[in-house]
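Novice: Next up is a structure, given as structure tokens.
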Amino acid sequence: MSLERIAYDPIGVLHTPFSNPAGMPIQPPGAAGARGTAQVLAQFEAGLRDLDGFSHLILLYHFHRAPAPRLTVTPFLDDQPRGVFATRAPTRPNPIGLSIVRLLRREGCKLYLENVDMLDGTPLLDIKPYVPAFDAADVERVGWLTKAEGRVQQHRSDARFGE
Ligand SMILES: C[S@@+](CC[C@H](N)C(=O)[O-])C[C@H]1O[C@@H](n2cnc3c(N)ncnc32)[C@H](O)[C@@H]1O
């Protein structure tokens, strides 16, 4: 086991309509119809081959405007403090975001996306195809979100994890 430092380089950048971390969607279901793009660096274009066959992608990205990490946070959908790993808050020790977005089309290194919930200029770390047979779990419980998950579509972020 190695606990040495790990450094990743972005494979591209995400462009979205959102420039302020407050007042924007908090998850893709709340960003229905919000369009954006992933501009992938030219040196990775060969890796985009065959991606067009998938309607949804898993994006992994760096929360580049996240404030310092906190191990206890009060999430957007709650008024109680929660352990950060039991939330999707950006203020994580490794500020990695994960969004499942719709792929509208690809033009070379540019991916046209829908349902984006990240800030404009967010550095993109990885892309994976979303495959329900791999990724859609038959869940039994959703913890503290049981009473809150239904509000995700309407709820907008506030200033608690940024300006
Ligand atoms: C609750 S997080 C969820 C993001 C992702 N779907 C996830 O679960 O990892 C979404 C919020 O993070 C903030 N955010 C989005 N992109 C960010 C970025 N690049 N840097 C810092 N904060 C960001 C915004 O306030 C947005 O509403």
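The values are calculated or read from the model by the stated rules, or taken from the named source; none is laboratory data. Everything numeric here is computed off the predicted structure, so don't read it as measured data. Quick reminder, even Gly has a Cβ in these numbers, built from the backbone with ideal geometry, and neighbours come from all protein chains shown. Note: areas computed on protein heavy atoms with side chains; ligands, DNA, RNA excluded. Shrake-Rupley method; radii C 1.70, N 1.55, O 1.52, S 1.80 Å.
Novice: Just one of L48, L111, L104 is open to solvent by 50 Å² or more (accessible area, probe 1.4 Å), of a type in the set (A, V, I, L, M, F, W, C), within 24 Å of P17 (Cβ to Cβ) and out of contact with any helix residue (DSSP H, G or I) (no Cβ under 6 Å at 6 or more places or on another chain); which is it? Lay out the reasoning, then the answer.
Specialist: Details: L48 fails: open to solvent by 50 Å² or more (accessible area, probe 1.4 Å); L111 fails: open to solvent by 50 Å² or more (accessible area, probe 1.4 Å).
Just one listed residue meets the conditions, L104.
Novice: Right, something else. Sort through A46, A38, A42 and tell me the only one that's free of Cβ contacts under 8 Å to residues at least 40 places away in the same chain and closer than 21 Å to Y8 by Cβ.
Specialist: From the options A46, A38, A42, the qualifying one is A46.
Novice: If I go through the range 51-78 residue by residue, how many of them are out of contact with any strand residue (DSSP E or B) (no Cβ under 7 Å at 6 or more places or on another chain) and more than 26 Å from S19 (Cα to Cα)?
Specialist: 1
Novice: Follow-up. Just one of the numbered conditions (1) under 20 Å from G47 (Cβ atoms); (2) touching a helix residue (DSSP H, G or I) at 6+ places or on another chain (Cβ under 8 Å); (3) open to solvent by less than 60 Å² (accessible area, probe 1.4 Å) is not true of F76; which one?
Specialist: Single failed check for F76: (1).
Novice: Which ones in the range 1-25 are of a type in the set (V, I, T), in contact with a Pro (Cβ under 9 Å, 6 or more places away or on another chain) and within 19 Å of H56 (Cβ to Cβ)?
Specialist: Passing the criteria: only I11.
Novice: How about the range 1-79: which strands (runs of 3 or more DSSP E) wholly inside it have at least 2 residues that are among the polar types (S, T, N, Q)?
Specialist: 35-40
Novice: Yes or no: A86 over 16 Å from the mean Cα position of the chain (by Cα) and either exposed (fewer than 15 other Cβ atoms within 10 Å of the Cβ) or closer than 30 Å to A42 by Cα (or both)?
Specialist: It is false that A86 is over 16 Å from the mean Cα position of the chain (by Cα) and either exposed (fewer than 15 other Cβ atoms within 10 Å of the Cβ) or closer than 30 Å to A42 by Cα (or both).
Novice: With the requirement that a residue be open to solvent by less than 90 Å² (accessible area, probe 1.4 Å), within 13 Å of the ligand (Cβ to nearest atom) and not in a loop (DSSP other than H, G, I, E, B), what does the range 127-163 give you?
Specialist: Hits for the range 127-163 are L145, A159, R160, F161.
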